[in-house]
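Have a look at the structure below, then the notes.
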Amino acid sequence: MSGERVAAETCVALGATQQKLESYPGREIELGSLAVTRLLPVKGKRLIGPWCFLDRYGPFTFAEGRPMDVAAHPHIGLQTVTWLLDGEVVHNDSLGYESLLRSSGVNVMTSGNGIAHAEHTPTRHSGRLNGVQLWVALPDQHRHVNASFQHVDRVPLYEQRGGIIQVFAGGLDGSISPATHFSDLLGADVMVHPRTAVDMPLQPAYEYAAIVLGGDCSVDGERLHERVLYYLGTRRSDVSFASDSGGRLLLIGGPPFAETILMWWNFVARTPQEIADARNDWEERRRFGEVTAYDGPRLAAPSLVRFANPNPAS
Ligand code: MN
């Protein structure tokens, strides 16, 4: 396999040295029956702290079928973080875990050197689906850890003047998510009440980005639009999110990631050879194990010489 061409994307931290308010429109992608907006990687192939992937889907309502149905597929070098605003998703993986995720809980899967999983809408469901799918790049010293899976039924939630904050990754103002991560980071869902603002303390050494999940929101006096990633830069000790009629945002951040990563399909690596090896192991049914609980064929890996987008909502 040595010297094989791999059409991977190189991603580096945005890593601003000052406050910013830059907008990066997402890309609309049809993934089977699921329409998603891809907000990371953005043009320029960037990370926000260790966050390297962000898909937004919903809100959808449905009467039949499975809007979420992602067959078994492999990951290396990352953690998947699934956060729902509404609806249900079932996770099954090659370690044998099965987990039903609902809003206010978070699923975190650490791929380490290799894991496979599948996700689907359960048979008994609310008829609604609304969420985000994120990935966290594992730092070099931890990217070969044993694979693991963690379900948190209810993440810390606190009410403060102006709104409600749920911290699903990292910590904020004394609220710390029980989810295990390998880099400093923050992932928070922020609800802003009508005609108020939510003031949040930030880490000046972190870079941050926000997306609108619903309603109306503004920051630094600028109205934010849905399906756009807003990069807030660094050197902020606080931020204020304001709303006229009520709004909801996702805020992610972390220290600018010091390593350059390679992304291809569902893999985060450092060298093309690692990607080629992982692809080969998936095709040869090595390393990743089987998702025995998922009823259906597994996803086939694309050709290495074509750039492969990350998987649907996974
Ligand atoms: Mn996945």
In degrees, nearest 10, the alpha-carbon axis of helix 272-283 is tilted away from the dominant principal axis of the alpha carbons of the chain by 70 degrees
Cα centroid separation, segment 72-105 to segment 1-54 (Å) | 21 Å
For the chain, what is the accessible area per residue in Å², given a 1.4 Å probe and the full set of protein chains?
-> 41 Å²
How much mean residue ellipticity at 222 nm does the chain get from its helices, if each DSSP H run of length 4 or more adds -39500 (n - 2.57) and you divide by all residues, to the nearest 500 deg cm²/dmol?
-> -1000 deg cm²/dmol
Cα convex hull of the chain: how many Å³ per residue?
-> 120 Å³
Comparing THR37, THR123, THR82 in a Gaussian network model of the chain (Cα, 10 Å), the one with the largest mean-square fluctuation is THR123
For segment 181-314, what is the largest minus smallest coordinate of the Cα atoms on each principal axis, given in angstrom and ordered from greatest to least?
-> 57, 35, 26
On the accessible surface of segment 9-283, probed at 1.4 Å, how many percent belong to carbon and sulfur atoms?
-> 45 percent
Could you please put GLU207, GLU64 in sequence from largest to smallest accessible area, using a 1.4 Å probe?
-> GLU64, GLU207
Inter-part gap, Cα centre of segment 110-187 to Cα centre of segment 278-297, in whole angstrom, is 24 Å
Along each of the three principal axes of the Cα atoms of segment 120-205, give the extent in whole Å, ordering the values from largest to smallest.
-> 47, 44, 17
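The values are calculated or read from the model by the stated rules, or taken from the named source; none is laboratory data. Note that this is a predicted model, so its numbers are computed, not measured. Note: areas computed on protein heavy atoms with side chains; ligands, DNA, RNA excluded. Shrake-Rupley method; radii C 1.70, N 1.55, O 1.52, S 1.80 Å.
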